[in-house]
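Before any comments, here is the structure.
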Amino acid sequence: MKKFFFILGSFLLSLSTYAAMNVNKIDPPFWYAGMKNPELQLMIYGEGIGNASVSVNYPGISLSSTVKLESNNYLLVYLHLDKDVKPGKFPLTFTIGKKKLVKEYELKARNKKGCEHKGFDASDALYLLMPDRFANGNPENDNIDGMSPYKVDRNDPNARHGGDLAGIEQNLDYFEDLGVTALWFTPVLENNMEGGSYHGYATTDYYKVDPRFGTNEEYPQLIAKSHDRGIKIVMDMIFNHCGVEHPWIKDMPSKDFFNNPDHEKNFVQTSFKLTPHVDPYASKYDFDQMNDGWFVTVMPDLNQKNPHVYKYLVQNSFWWIEYADIDGIRMDTYPYADYDAMSNWMKELNEEYPNYNTVGETWVTEPAYTAWWQKDSKLSAPLNSNLKTVMDFSFFDKINTAKNEQTETWFKGLDRVYNNFVYDFLYPDPISVLAFIENHDTDRFLGEGDNLPMLKQASTLLLTTRRIPQLYYGTEIMMNGVKSKSDGYVRKDFPGGWSDDKANALTAAGRTKLQNECYNFYKTLLNWRKGNEVIAKGNMTQFMVQHGVYAYARQYNGKTVFVMLNGTDEATTLPLKYYKEILKDHAQGKDILTGRIINLDGELTRFVIAKRPSLPKASILDLSTNKRSLISSPPSMGADVTAGNSLLNDTSPLLVRSMKNFFSTRL
């Protein structure tokens, strides 16, 4: 009997010696010399590769360890890269018994130092768009053979529509003319999911652009051409989850790559309630369900507490910065991922790229919650998220509530906006908070309506307050829609992005009169904002609401921007004594758009914010050489206002924006 077992053991050993071994893929596909962190993780994919031993032969590179996972079809290889390792190609040798397999791997030279990667900040205006819904520049990539079943049907709001990177590239002149300085695309990585996953939030390959959007070569090409126009690119990433068609789900490397991996028999969904992070009385049950539950059945929850998963995700973010030269990251579903892992990721990223920026989606409408997540927050101490920019969901909530109210009593209308900024004392760095009035996950600001004065006035607030502003594609041409019908109704195709569109809003000739009025308003304000240090760096002084009017000033190096917003439907007469500390003593103004001089009679004691239909103007005042400049808008833009302070030169205008009729039309 003993002899039998010995013979059987020898037979099994013989089989393993000649077992199949291949390498189908290595993540990342290449790496870069000169990174601060000397450790490089390689994830090797291939049948039976988990049984292989590995060797490397290249000056400055040594093998630290290999990690065999539960599935034999993966192998993790950890390399140590010396500080002075040279770029070049080197062999990775995989051995099982007498069989050897050699794969070439490459270390590339970095295009620039980590400190030279400059992120977005308050000097920028971000423009969020969905690549599938903006423009179809290459119809040939609409239908890709070999992918999971899907359809391209523009009549179905939840199907793919064919927009792509080529369509964005072909319309870069449009963005440059509009005046936005950064484009944020919803995710562009492969979503090889049944139905098409047009939105991009179900990644199936973290190192591959979805072929229906373009190629890995077209993406950095688009970014380089955007940079030539002074436009940054922000990449949308998701560490919290992937798509259910990801290879890791079909063949799990190890069960602990995912939270609640037994999803087919025991599916656990997140509660979507993010408060356990900050709740001092939170139960473990509530925290675990929120943090470890899956978003939906087709979005498996990644376990960032697993050090190998964590390392994979961190390297992926660095790889796209180096390879594509992206200018920032927007991290989806930020609080749903493991706090410690995300904090460590941000710490590593900030060390490698000290001038970079990442914004995290932190969807709770209380300012204290959002502030808790910002880097160096005292609210979360001794914890530190290291996340520089958070999203101001409080501002979004307040402005969308205020638009349906009269500013008649405390805590109504524009008083909500005033109080939103009162709580800026909670933020370590308020000017690094990202504000918005809508995005791809919310109703459009216009709802199903077309109240252009309301939209202009809210956007003026957005683009002049002490925040990083984010716009949503199509708002500049009055696109509307509500989620109650479908997410697809707030993600409609941009008219003119497809060759068979009846209207082309990408050109002035193709827009309606009202659309051109809206577009020109944004163009004027965005281009005025560009390079304006008062807006980018200035402090803020706000005034309590008086007679329904909310006013605030931005000031920097002796220059001032002053904004007045009327939150009622009624004509309002205001004593300007309330704002004397800002207005001071100036008698004339020059209209920047028309060039005409406005005589202010040297008094500045009272002014009238007119009632509709007399909506004559908003104002940008330039107070160089003791003068003011006034910018007149089309009649529907706002009300008559005057205000001011000394400026150093004509290139630094002072904005006075009235919000007359802000709330006159209900959605």
Being more than 23 Å from the chain's Cα centre (by Cα), surrounded by fewer than 18 Cβ atoms within 10 Å (Cβ to Cβ), of a type in the set (D, E, K, R) and more than 17 Å from residue 335 (Cα to Cα) narrows it down to one of 265, 284, 305, so name that one. 265
Pairs with Cβ under 6 Å, 6+ apart, first in segment 297-319 and polar (S, T, N, Q), second open to solvent by 20 Å² or more (accessible area, probe 1.4 Å): 303/256; 304/310; 304/338; 306/256
Filter segment 215-251 down to residues that are open to solvent by less than 50 Å² (accessible area, probe 1.4 Å), free of Cβ contacts under 8 Å to residues at least 60 places away in the same chain and over 28 Å from residue 181 (Cα atoms), then give me how many there are. 5
Residue check: is residue 563 at negative phi, modelled with pLDDT under 95, outside any loop (DSSP other than H, G, I, E, B) and open to solvent by 30 Å² or more (accessible area, probe 1.4 Å)? no
Under 6 Å by Cβ, and 6 or more places apart or on different chains, what pairs join a residue from segment 488-502 that is of a type outside the set (Val, Ile, Thr) with one that is modelled with pLDDT of 95 or more and assigned to a helix (DSSP H, G or I)? 491/133; 493/133; 494/134; 497/134; 497/167
Take residue 75 and decide whether it is at pLDDT 95 or above and either more than 14 Å from residue 106 (Cα to Cα) or charged (D, E, K, R) (or both). yes
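Yes or no, residue by residue, for (1) open to solvent by less than 40 Å² (accessible area, probe 1.4 Å); (2) in contact with a Phe, Trp or Tyr (Cβ under 7 Å, 6 or more places away or on another chain); (3) within 25 Å of residue 420 (Cα to Cα); (4) polar (S, T, N, Q):
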site: 464; (1), (2), (3), (4): yes, no, yes, yes
site: 486; (1), (2), (3), (4): yes, no, no, yes
site: 495; (1), (2), (3), (4): yes, no, no, no
site: 536; (1), (2), (3), (4): yes, no, yes, no
site: 546; (1), (2), (3), (4): no, yes, yes, yes
Counting only residues that are buried (at least 24 other Cβ atoms within 10 Å of the Cβ), under 25 Å from residue 506 (Cβ atoms) and free of Cβ contacts under 8 Å to residues at least 40 places away in the same chain, how many does segment 166-214 have? 1
What are the residues in segment 394-420 that are open to solvent by 30 Å² or more (accessible area, probe 1.4 Å), assigned to a loop (DSSP other than H, G, I, E, B) and polar (S, T, N, Q), if any? 404, 406, 409
Does segment 31-64 hold any residues that are under 24 Å from residue 117 (Cβ atoms) and exposed (fewer than 14 other Cβ atoms within 10 Å of the Cβ), and which are they? 36, 37, 39
Quick check on my filter: what residues within segment 124-146 are open to solvent by less than 10 Å² (accessible area, probe 1.4 Å), out of contact with any Pro (no Cβ under 8 Å at 6 or more places or on another chain) and outside any loop (DSSP other than H, G, I, E, B)? 127, 128, 129, 131, 132, 133, 134
Within segment 71-123, take every residue that is aliphatic (A, V, I, L, M) and part of a loop (DSSP other than H, G, I, E, B) and give me the one that is surrounded by the fewest Cβ atoms within 10 Å (Cβ to Cβ). 109
Please give the number of the condition residue 362 fails out of (1) open to solvent by less than 10 Å² (accessible area, probe 1.4 Å); (2) outside any loop (DSSP other than H, G, I, E, B); (3) in contact (Cβ under 8 Å) with a residue 60 or more places away in the chain; (4) touching a helix residue (DSSP H, G or I) at 6+ places or on another chain (Cβ under 8 Å). (2)
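The values are calculated or read from the model by the stated rules, or taken from the named source; none is laboratory data. Keep in mind that this is a model prediction, so the values were computed, not measured. Here Cβ is always computed from backbone atoms with ideal geometry, including for glycine, and neighbour counts include all displayed protein chains. Each accessible area value is taken on the protein alone, full model and side chains, heavy atoms only, with ligands, DNA and RNA left out. Shrake-Rupley method; radii C 1.70, N 1.55, O 1.52, S 1.80 Å.
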